[in-house]
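The values are calculated or read from the model by the stated rules, or taken from the named source; none is laboratory data. Note that the coordinates shown come from a computational prediction; the quantities given were computed from them, not determined experimentally. Glycine also receives a Cβ, built like all others from the backbone with ideal geometry; neighbour counts cover every protein chain displayed.
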Amino acid sequence: MLFFLIIIFGIPLLSLAWWWWAHRRLSQLEIPAIWRWMFSLALIVLLVGFTWIILARREMVDAAVPPAVYAAVLLWGLIFLPFVALPMMTTWAMLATGKFFTRKLRPITDSTALHPADPARRRLLGATVVALPLLATFGTAGITLPRTQHFRIRTLTVKLKDLPPALDGMTIAHVTDTHVGKFTRGALLDRIAKATTELGADLILLTGDLIDNSIKDLPAALAMVRQMRARYGLFMVEGNHDLFDDPEEFVRQTHASGVPLLRNQAALLQVRGHPVQIMGIPWNRSEARIANDVANVMTLKEFDSFPILLAHHPHAFDAAAEHGIPLTLAGHTHGGQLMLTEEIGAGPAMYKYWSGLYQKADRALIVSNGAGNWFPLRTHAPAEIIHLTLRRA
């Protein structure tokens, strides 16, 4: 609750503080009034969009927030305000304070230092620097928003020592983190369903965050899942975003739709003539509770079945490996979302396992970057559906 209140009041107040500072700088640079008004209008758009989002989340307005507005507000509030605008204002204040105390100790005798030869260029450069956070916000939104409509098919092959001979060559379409809602919507849902089906996989396994936030998006999300076709079956577990709005309604509607949702449950089926058991655990952030859920679901294991664990949080792999589960599928990390390279960035800073294949003690974990988006910007972590092939080691 405290974090939510900080967001609600912090972003508008800090935005207004920065606007006051930036507007004074533009006035001192003698920037024409029309440009200062456009600068103010851009910030008003962000604050109105922020208010719209909050009211929509509280179901106080019915009109959906346009994706472009959502993208700009998220980029401003989570990146460019805290990491560009506020540091810029703070740095300027520190430099101004330093100049105030050292002015008499460092007299300036060169008149050109006070009056640059090209004042127009000085004003343009100064105005660009001041407006940089807003320019970066809207520019980034314009570039990245179309990219939320794209995803790749990532092909992986995993060699498993304990894979039964009959399952050598078994294929899995791993779909996760579609985040149906603000960015994953409309025709993109049909494209995800079609691309998944066209893989012709033996199994389609979904590892959570089917919806982004609102339970109102669940019917469209379930309709997408029901379009998917696999040779032997489709199964799903929940993610944290699925439970934000109405956890009980999420479970009820999913079960009513006929989509198999596993919550500390296991499903046994025959794949290529051999028993395969799909085990699913519910969302948990606590690693201790995750380990407990893995232990509980392992009590359901059938003799001679090949188990596959579905978990939203990839840290379930540690407990799964200890219990001898040969394959775990997970999502949640978005591949790190903001990565400087494939190995450096938010992913390894926050998670032990964040993207791709991990193996230890002849056990394997696959973490997918996810097919959808809750945030409009990805770097070195493209949206994806994983086409996985299992081979005997």
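Results, tabulated for the structure shown:
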| item | result |
| --- | --- |
| Qualifying positions in segment 155-196 - surrounded by fewer than 24 Cβ atoms within 10 Å (Cβ to Cβ), closer than 21 Å to Val367 by Cα and out of contact with any strand residue (DSSP E or B) (no Cβ under 8 Å at 6 or more places or on another chain) | Ala193 |
| Condition check for Pro307: crowded, with 18+ Cβ neighbours inside 10 Å and part of a strand (DSSP E or B) | yes |
| From Gly239, Gly233, residue being of a type outside the set (D, E, K, R), in contact with a Phe, Trp or Tyr (Cβ under 6 Å, 6 or more places away or on another chain) and either assigned by TED's automatic domain parsing to the domain that holds Tyr353 or touching a residue at least 24 places away in the same chain (Cβ under 8 Å) (or both) | Gly239 |
| Test result for Ala68, at pLDDT 90 or above, part of a helix (DSSP H, G or I) and buried (at least 16 other Cβ atoms within 10 Å of the Cβ) | no |
| Filter result for Glu384 (touching a Lys or Arg at 6+ places or on another chain (Cβ under 6 Å), within 29 Å of Val251 (Cβ to Cβ) and assigned by TED's automatic domain parsing to the domain that holds Met236) | yes |
| Cross-chain or 6+ apart pairs with Cβ under 8 Å, segment 183-200 first and aromatic (Phe, Trp, Tyr), then part of a loop (DSSP other than H, G, I, E, B) | Phe183/Asp212; Phe183/Gly372; Phe183/Asn373; Phe183/Trp374; Phe183/Pro376 |
| Flag if Asp209 is free of Cβ contacts under 8 Å to residues at least 40 places away in the same chain and of a type in the set (D, E, K, R) | no |
| Val297 closer than 24 Å to Glu248 by Cβ, surrounded by 15 or more Cβ atoms within 10 Å (Cβ to Cβ), among the β-branched types (Val, Ile, Thr) and modelled with pLDDT of 95 or more | yes |
| Tally of residues being part of a loop (DSSP other than H, G, I, E, B) and touching a residue at least 24 places away in the same chain (Cβ under 8 Å) across segment 258-294 | 13 |
| Complete set of residues in segment 328-358 that are in contact (Cβ under 8 Å) with a residue 40 or more places away in the chain and farther than 11 Å from Thr379 by Cα | Leu329, Ala330, Gly331, His332, Trp354, Gly356, Leu357, Tyr358 |
| Residue list for segment 212-245, filter: surrounded by fewer than 16 Cβ atoms within 10 Å (Cβ to Cβ) and polar (S, T, N, Q) | Gln227, Asn240 |
| Options Trp76, Trp19, Trp52: the member that is over 23 Å from the mean Cα position of the chain (by Cα) and either buried (at least 19 other Cβ atoms within 10 Å of the Cβ) or not assigned by TED's automatic domain parsing to the domain that holds Leu188 (or both) | Trp19 |
| Residues located in segment 278-289, provided they are touching a helix residue (DSSP H, G or I) at 6+ places or on another chain (Cβ under 8 Å) and over 24 Å from Ala173 (Cβ atoms) | Asn284, Glu287 |
| Any hit, segment 36-52, residues being touching a residue at least 12 places away in the same chain (Cβ under 8 Å) and outside any helix (DSSP H, G or I) | no |
| Qualifying residues in segment 253-267 (those that are out of contact with any helix residue (DSSP H, G or I) (no Cβ under 8 Å at 6 or more places or on another chain) and exposed (fewer than 14 other Cβ atoms within 10 Å of the Cβ)) - the one farthest from Pro165 (Cα to Cα) | Ala256 |
